[in-house]
Structures are given as structure tokens and as C-alpha cells.
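Visitor: Quick one: the structure is below, and I'll ask about it shortly.
The values are calculated or read from the model by the stated rules, or taken from the named source; none is laboratory data. Because the structure is a prediction, the values reported are computed rather than measured. All Cβ positions, even for glycine, are placed from backbone atoms using ideal geometry, and neighbour counts span all protein chains on display.
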């Protein structure tokens, strides 16, 4: 994977800064957040600088539940969802592509969870974000 670009601890990631990095994927960014704000107004978005990765990342939550993590790279942004074993059936039976299902199935486990990362350079991935949000909210 490419290196994150939001590496200046003293420069909070504003939309202007983010859009200067993600270029044409700005449309996908706006679509994702338009969907979230319209359909999940109870979600919170928090940017934080993480010393371990030496960059800013966004955590999107509902109350204390993390929905997904977002990172900005040169030309794109990526969204990562983490799921436990209770979500396996939902994911494998859901509307995700075979490639994403395989990615999840083959993913390294971190304790009891594993992730799916979407690089937001494809319009179809917006629909996958919606599907993964739905699964995340269904699974307790």
C-alpha cells in the first residue's frame, strides 16, 4: 500500500487539504459522506493523529461502536471495516463482490477480528461501503 499523506501532526485535515491529496476521488468522498449524513446522522467522525502510524486517521463511530476507519493516500482514500466472527455469514451472503468476500476470508486475524479495506477509486465501492455499514449495524 501507498504511504499515508496526512503526516503533519500540527496540520488538522480539513476538506481543502484532503481534496488536494485525493484528487478525482473527491466525488467518492462526497458520496460516502452525503450517504452517511443523510442515513446515519447519529454517526460521529473523529480525526486523530496516531503516533504509531505517524499520520492522521478518521474513526467513524455510532456511540461507542467503531463503524470504520478512513485513511488518506495520494490520489485516493481507503476505508477499512473490522468484523468479528458473528459477521462472517452476513459478509459471505451479502452483496459484496467475490473478490471482497475472498479478501475477508483470507484476511489476517487480529485477535478475533479481521478487516476489509476498500480503496475508494471505483464507483462500485461506494455501494460496498453502504453494504458493510449495514452489516456492521446488524451484527452485535
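Visitor: Among the residues of segment 61-116, count how many are more than 19 Å from residue 13 (Cβ to Cβ) and assigned to a strand (DSSP E or B).
Guide: 10
Visitor: Assess whether residue 32 counts as being closer than 21 Å to residue 121 by Cβ, modelled with pLDDT under 95 and surrounded by 11 or more Cβ atoms within 10 Å (Cβ to Cβ).
Guide: The answer is no for residue 32.
Visitor: Could you tell me whether any residue of segment 7-25 is in contact (Cβ under 8 Å) with a residue 12 or more places away in the chain and under 19 Å from residue 132 (Cβ atoms)?
Guide: yes
Visitor: Taking segment 123-140, which residues are over 23 Å from residue 64 (Cα atoms) and in contact (Cβ under 8 Å) with a residue 60 or more places away in the chain?
Guide: The answer is 123, 125, 126.
Visitor: Something else about it: Just wondering, is there one or more residues in segment 26-45 that are in contact with a helix residue (DSSP H, G or I) (Cβ under 7 Å, 6 or more places away or on another chain), part of a strand (DSSP E or B) and without any contact (Cβ under 8 Å) to a residue 40 or more places away in the chain?
Guide: yes
Visitor: Another question, if that's okay. Just give me the residues in segment 6-22 being surrounded by 11 or more Cβ atoms within 10 Å (Cβ to Cβ) and part of a helix (DSSP H, G or I), in sequence order.
Guide: Listed by number, the residues that qualify are 15, 17, 18, 19, 20, 21, 22.
Visitor: Here are 84, 111, 75, 94: which of them is loosely packed, with under 12 Cβ neighbours inside 10 Å and either over 10 Å from the mean Cα position of the chain (by Cα) or more than 17 Å from residue 138 (Cβ to Cβ) (or both)?
Guide: 111
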